[in-house]
Amino acid sequence: MSHVSIIIPSLNSRTVPGVVDALAVQTCADAVREILVVGLDEPGVIQGDPRIRFVSTRRPVCAAAARNLGLSLARSDVRVVLDADCFPAVDWLSHLLDRYAQGERVVSGCVMFEPSNYWTLADNLSLFHEFMADQPAGLRPYLPTANLLCDRQVLEQVGGMDESFPGAAGEDIDWTIRMRRAGSRLYFEPAARVTHRPPRVTLRDSVRHFWWSGRNMSRVRWQYRDEYKTPGMMRSAFWLVTLAPFVGLWTTARLFAGNRHGWRYLHTAPAIWLTKMVWCLGAAQQARLTRADGKGR
């Protein structure tokens, strides 16, 4: 069995100990060579834990920078990035490694979520509906890095994530599209499950999150506009703001229509519609900045 390095970016996250506990009881826990936590730990919840190799960045950095540092320091050829708020099921790593043994060099698992908080549930559905457990296994045009396995040779070929993306949005889609364009297959394995428990529990949290998602992902959609068939309105702040309610309605309808089990969460439709509108407003801000600096980013 292949040995793996697991990289967890953390900006003072208090959930890392629980994630590490879940890693300790994996059915193939012996395959875990090291757990690197990269970032800050000002609450002091992980420093001193012998199971963790903590790498301090000394200052807040974006998720891409933290992941890149961890990936560069990893000792294993097989490297797994895992978010600090993603709790893996006991057989999560086994399923990823099974696919790796079958020849897949980039594999992502599914994202599950709990319905206990309305805004958290809507946030998760809006963001990860394409990667739920009921979606079919197989090749995808891009993958999220909430939990993703990749081989060292793939990393050497495409390099790290683009650290110009602020926060944590868009950099993973850009990275995995670059992997695919370089010739790597992107495989989605729904049997490899993590439960996502983000700290976004209020309306304000979701609004902030999707505003940044709109800013960052509009860059990705324009850079790869041939694949996304991105309309020209993505470069117009006026049209993004004007059409935001209609775009939100259309994308919300598509979300539920494309997921056979999504109807059980229909009560979240108003919140998801709101997140999609906020996404458009974030994209509008990026369009304004792009027009102001003339750089096309």
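The values are calculated or read from the model by the stated rules, or taken from the named source; none is laboratory data. No experiment lies behind these values; they were computed from the predicted model shown. In this analysis, Cβ positions are derived from the backbone assuming ideal geometry, glycine residues included, and neighbour counts consider all displayed protein chains.
Determine if segment 150-157 includes at least one residue that is modelled with pLDDT under 95, buried (at least 17 other Cβ atoms within 10 Å of the Cβ) and under 15 Å from the mean Cα position of the chain (by Cα). No, because not a single residue in segment 150-157 is modelled with pLDDT under 95, buried (at least 17 other Cβ atoms within 10 Å of the Cβ) and under 15 Å from the mean Cα position of the chain (by Cα).
Let's see how each residue does on (1) in contact with a Lys or Arg (Cβ under 8 Å, 6 or more places away or on another chain); (2) charged (D, E, K, R); (3) under 30 Å from residue 17 (Cα atoms):
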| position | (1), (2), (3) |
| --- | --- |
| 143 | no, no, yes |
| 151 | yes, yes, yes |
| 155 | yes, no, yes |
| 178 | no, yes, no |
| 197 | no, yes, yes |
| 201 | no, no, yes |
| 210 | yes, no, yes |
| 216 | no, no, yes |
| 238 | no, no, no |
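Just name the residue that is nearest to residue 100 (Cα to Cα) out of those in segment 1-10 that are among the aliphatic types (A, V, I, L, M) and crowded, with 18+ Cβ neighbours inside 10 Å.
Within segment 1-10, the subset among the aliphatic types (A, V, I, L, M) is 1, 4, 6-8.
Then keep just the ones that are crowded, with 18+ Cβ neighbours inside 10 Å; that gives 4, 6-8.
Numbers: 4: 11, 6: 15, 7: 17, 8: 20 Å.
In this case the residue turns out to be 4.
Candidates are the residues of segment 231-280 that are touching a residue at least 60 places away in the same chain (Cβ under 8 Å) and under 21 Å from residue 291 (Cα atoms); the one that is nearest to the chain's Cα centre (by Cα) is 279.
Entry remark, segment 177-187: residues being in contact with a Pro (Cβ under 8 Å, 6 or more places away or on another chain) and under 16 Å from residue 109 (Cα atoms) number 1 in total. Among the residues making up segment 36-63, those that are farther than 20 Å from residue 4 by Cα and of a type in the set (A, V, I, L, M) are 40, 45, 46, 61, 63. Of the residues 64, 101, 137, 74, which is assigned by TED's automatic domain parsing to the domain that holds residue 163, closer than 23 Å to residue 279 by Cα and hydrophobic (A, V, I, L, M, F, W, C)? That would be 64, the only listed residue that is assigned by TED's automatic domain parsing to the domain that holds residue 163, closer than 23 Å to residue 279 by Cα and hydrophobic (A, V, I, L, M, F, W, C). When residues in segment 158-168 are screened for being surrounded by fewer than 24 Cβ atoms within 10 Å (Cβ to Cβ) and closer than 20 Å to residue 198 by Cβ, 3 of them pass.
Restricting segment 74-96 to residues that are surrounded by fewer than 17 Cβ atoms within 10 Å (Cβ to Cβ) and at pLDDT 95 or above, the residue that is nearest to residue 200 (Cα to Cα) is 90.
Residues of segment 29-52 that are in contact with a strand residue (DSSP E or B) (Cβ under 9 Å, 6 or more places away or on another chain) and under 19 Å from residue 93 (Cα atoms): 31, 32, 33, 34, 35, 36, 37, 51, 52. Tell me, please, whether a residue that is polar (S, T, N, Q), farther than 21 Å from residue 264 by Cβ and modelled with pLDDT of 90 or more can be found in segment 97-105. Checked segment 97-105: at least one residue is polar (S, T, N, Q), farther than 21 Å from residue 264 by Cβ and modelled with pLDDT of 90 or more.
So is residue 68 within 28 Å of residue 167 (Cβ to Cβ) and surrounded by fewer than 23 Cβ atoms within 10 Å (Cβ to Cβ) or not?
Details: within 28 Å of residue 167 (Cβ to Cβ): yes; surrounded by fewer than 23 Cβ atoms within 10 Å (Cβ to Cβ): no.
Judged against the criteria, residue 68 is not a match.
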